[in-house]
1. Within the range 1-26, can you find the residues that are in contact (Cβ under 8 Å) with a residue 12 or more places away in the chain and in a helix (DSSP H, G or I)?
2. Among the candidates Val122, Val61, which residue alone is among the β-branched types (Val, Ile, Thr) and at pLDDT below 90?
3. If a residue must be within 16 Å of Ile160 (Cβ to Cβ) and outside any strand (DSSP E or B), how many such residues does the range 109-119 contain?
4. Can you name the number of the only condition in (1) polar (S, T, N, Q); (2) in a loop (DSSP other than H, G, I, E, B); (3) over 11 Å from the mean Cα position of the chain (by Cα) that Ser66 fails?
5. Given the criterion under 14 Å from Ser63 (Cβ atoms) and assigned by TED's automatic domain parsing to the domain that holds Thr62, identify the matching residue among Glu141, Glu133, Glu99.
6. Look at Glu30 and say whether it is outside any loop (DSSP other than H, G, I, E, B), more than 18 Å from Arg154 (Cβ to Cβ), assigned by TED's automatic domain parsing to the domain that holds Ala94 and out of contact with any Gly (no Cβ under 9 Å at 6 or more places or on another chain).
7. Please work out if Gly165 is under 24 Å from Leu39 (Cβ atoms), in contact (Cβ under 8 Å) with a residue 40 or more places away in the chain and not hydrophobic (A, V, I, L, M, F, W, C).
8. Please indicate, with yes or no, whether at least one residue in the range 69-92 is closer than 19 Å to Ser142 by Cα and touching a residue at least 60 places away in the same chain (Cβ under 8 Å).
Amino acid sequence: MDPDRIAAAVPALVKSLSVVDPSGSEGYRERGLRYQRNLRALVREMQAEMESISSDQRKLVTSHDSMAYFAERFDFEILPTPFPATGAEAEGSAGAIAEVEAAIEQSGVSAVFPEAESNPAVLERIAERTGVEIVTGLLIESLGPSGSYLEMMRSDSRLIDRGLGS
């Protein structure tokens with residue numbers, strides 16, 4: 001969830017592919033450099049888009065604690081989540097849900113973001129009880145309809161800006 005980290009990994013990927021397929025090494029290098037440029041442009045685009053989100057609103061409530069890299073890169077705080085993990089073992093306890101509701105009320109956050117891959121029912125109830133907006137469609141665990149990492153990140157950036165921006 002941090003395009004800069006992806007860009008930093010590209011050279012290692014290019015090197016590994018070039019070892020496996022030496023005849024394609026020049027193409028891997030060229031495409032790797034192009035992808036790094038696209039990732040850097042994406043970061044600038046996302047930063048510009050999120051400029052409308054004030055520092056006191058840079059707080060994220062999602063289904064799971066899966067946005068840590070995004071939060072670190074774009075200066076957001078992750079508030080408690082109703083589910084401590086992803087997958088079949090993830091269950092939200094009454095205590096966890098109460099903690100999320102209290103964090104929302106104390107922080108003044110204006111929206112919550114259920115992940116597209118998760119059942120939004122718990123966050124919908126939390127949003128209803130706390131009076132915040134629910135913004136659906138956040139892509140974390142899959143590209144979904146976006147089709148690419150770049151488009152997934154653009155989509156998530158737009159959703160977060162829409163939910164928290166002025």
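1. Pro3, Asp4, Arg5, Ile6, Ala7, Val10, Pro11, Leu13, Val14
2. Val122
3. Going through the range 109-119 one residue at a time, the tally reaches 4.
4. Exception for Ser66: condition (3).
5. After ruling out the rest, the residue left standing is Glu141.
6. no
7. Here the answer is yes, as Gly165 does meet what is asked.
8. Looking through the range 69-92, at least one residue is closer than 19 Å to Ser142 by Cα and touching a residue at least 60 places away in the same chain (Cβ under 8 Å).
The values are calculated or read from the model by the stated rules, or taken from the named source; none is laboratory data. Since we're looking at a predicted model, the values are computed, not measured. Reconstructed Cβ throughout: ideal geometry from the backbone, glycine too, with neighbour counts over all protein chains shown.
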